[in-house]
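Here is the structure we will look at.
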Amino acid sequence: MLSRVADAIYWMSRYLERAENIARFLDVNWHLTLDTPGQMTEQWLPLVRAMGEFDRFTERGLGHDRTSVIRFLAFDAASPNSIVSCLSHARDNARTIREIIPSEMWEQINTFYHLVREAARNGEEVLRNPYRFCDEVKRRDLTISGIAGDAMSHDEAWDFFRLGRLLERADKTSRILDVKYFILLPHPADVGTNLDYVQWAALLKAISALEAYRRRHGRIQPDRIVEFLLLDHDFPRSVLCCLTKAKECLHAITGTTMGYFSNPAEKRLGHLCGDLAYSGVDEIFALGLHEFTDTLQTRMNLVDEAVFATFFSTFPAIDAASQQ
């Protein structure tokens, strides 16, 4: 496969997953403001920090209120991590590989892009109540993912599509967990209170994990939630599950036998999966959940850099400055 094609598929997939996860971030915080009125009024800015956009946000002189944050993360075309920017980049990449992806997939991505653009032009309703918009973003991405699974040949293109989606999902699961534990809880005294449990339940809902968690563990327990979202082998949005499946995609692409490596991407991802698989939740809390997730995000960024160096660095990528 041409590096240009692989790059476009990989980033198309990452941008689609990123748009869905931004919607999940906004949705969970919106529901927290409803469930805890008067206590979450100043808790929108952490979402900007979680997306790595705090410096750009403050340089623009934007307010820290709900309206400013939702507009910035959903509709700001100048922000590379807004939903509208992600859909624009996903569509640009998809356009260059229309002969590779199913026609139904291209039609859905194109429709998705125009839907979000229309919402941006008439954004006041979304700013007042983002639930329906966020729910539509999540449903559209799930539709595209379903088309990809059912209509794409499960060849190298499919493996690059899954690789991008899985690495993006692992990163965002760790970030939304970090936002809850490190930033959203107003005071240490609230740990174990009703507010604490409401926030943990809202986080599980945001990752579509509440039912799966309850079947596995029953009642809400922060340590079990952390273990479930970071270390579970079977839940498809847990970090370990995503990275393990991403490792399988890498080996399918290169043909390298599992347990061996032939490039830096396989080596880094193999080390990371091994370290996670042998980690325990007690060790994570002893280190500090924020410190653990921060290190985890750094290591996942190194994996992404290794993927780029291994597969994509030998050609001028589509809009290379915006592929991040």
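Could you check the simple spin-label distance between SER3 and GLU99, using points 7 Å along Cα→Cβ, in nm with one decimal?
2.0
Would you work out if the chain is rounded, prolate or oblate? Take a ≥ b ≥ c from the square roots of the eigenvalues of the alpha-carbon gyration tensor; rounded if a/c is under 1.5, else prolate when a/b is larger than b/c, oblate otherwise.
Oblate is the answer for the chain, as a/c is 1.5 or above yet b/c matches or exceeds a/b.
Since every read-out is calculated from the coordinates, none of them should be taken as a lab result. Please read these numbers as outputs of a predicted model, since none were measured by experiment. Every residue, glycine among them, receives a Cβ derived from its backbone with ideal geometry; neighbour counts consider all protein chains shown.
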